[in-house]
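What follows is calculated from the coordinates using simple rules that are stated; it is not laboratory data. None of the values given here were measured: they were computed from a predicted structure. Here the Cβ positions follow ideal geometry from the backbone for every residue, glycine too, while neighbour counts run over all protein chains shown.
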Amino acid sequence: MNDDTPGPVSRSYYSQRLRMHYVDWGNEQAPPLLLLHGTRDHARNWDWIAARLRRDWHVIAPDLRGHGDSQHSPDGSYTMAAYIYDLAQLVHQQRLAPLTLVGHSLGGNIALRYAGIYPENVRKLVAIEGLGPSPKAQAEQAGRGIDRRMRDWIEEVRALSARAPRRYASLDEALARMREENRHLSAEQALHLTRHGVAQNEDGTYSWKFDNYVRAWPPYDMTRRDIEGLWARIACPTLLVYGDESWASNPLTDGRAAHFPNARVVSFAGAGHWVHHDRLDAFLAALIEFLGTPGSG
């Protein structure tokens, strides 16, 4: 990062007895902009975006429960309802509404559902591949039946309970794993994400901060009809971002974009699931154009 101004301040709040962590980039008199990361990521993955927007916005980036420097859920349970509650508590406690939301993957999913529950609280919304499983994947999952889904989930969680966090002998070894996960990352991006994504163990090794239990998606969720109903309630301008090289399904071609009353889909060539990393400059340009003048819209 080339910005020489001071970085964000670490802050905390409480949600369901968990100490939750977030970083605050200052400029509190400006309109609030909240950035929500995806599964197994952390708040500092937004640093390039935040550094560019901090002069015009009050930028806040939380660590989701079980991620980064937020506490792990003591029972190892990570439901969408709990994630939404955490966001609602942060907005409520810090009096951030109305605000602008930008979310990636799981963070985008949380943001979209929150905006459907509290449409009056959200001015503009950007979801980077945040719509969740495609209609085809949802149909396949539903076709397995709740008994099979419950059995699979129980076995997955049981296996995770026996899985100790992986230990890397050095930061370079963890960095190599980061590069393996997303080969679009520059050397600078990969090092930054690794440094903020690991904690050093007592024996000197490194492990990722996220709770291994976040890997297990619950066997049941809101129904597809309920989720589409929340999308239909989103009143603000919405930008749905998609990477052409991603495994995710394009909401424009799979029909999901039609459920939004005021949404536009933009795709990025040469980008995978992490569009905001893979095509940083192009994404920033599109984001700034969409957000417009702070406080408007």
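Quick notes
- Pair ASN201, TYR85: separation of 7 Å Cα→Cβ label points (nm): 3.2 nm
- Of all DSSP beta bridges confined to the chain, the antiparallel ones make up roughly 40%.
- As a proxy for reagent exposure, ranking THR223, THR194, THR205, THR293 by other Cβ atoms within 10 Å from fewest up yields THR293, THR223, THR205, THR194.
- In plain terms, the chain from GLU155 to ARG19 could stretch by 46.1 nm, reckoned as 0.36 nm per residue minus the Cα-Cα distance.
- Neighbour net charge for ARG148 - beta-carbon separation under 13 angstrom, K R +1, D E -1: -2
- Rounded to the nearest 500, the 222 nm mean residue ellipticity of the chain from helices alone is -11000 deg cm²/dmol, with -39,500 (n - 2.57) taken per DSSP H run of at least 4 residues.
- Along the stretch 81-87 the Karplus relation, 6.51 cos²θ - 1.76 cosθ + 1.60 evaluated at θ = phi - 60°, assigns HN-Hα couplings of 4, 5, 4, 5, 4, 4, 5 Hz to successive residues, with x for each Gly and Pro.
- Estimated at 0.36 nm per residue, the fully extended path between ALA282 and ASN182 surpasses their Cα-Cα distance by 34.2 nm.
- At R0 = 30 Å, FRET efficiency that the Cβ-Cβ distance of HIS259 and HIS92 yields, to 0.05: 0.65
- Shown for HIS92, HIS277: other C-beta atoms within 10 Å of each C-beta, ranked fewest to most, produce the order HIS92, HIS277.
- The fewest-to-most ranking of VAL102, VAL198 by surrounding Cβ atoms within 10 Å reads VAL198, VAL102.
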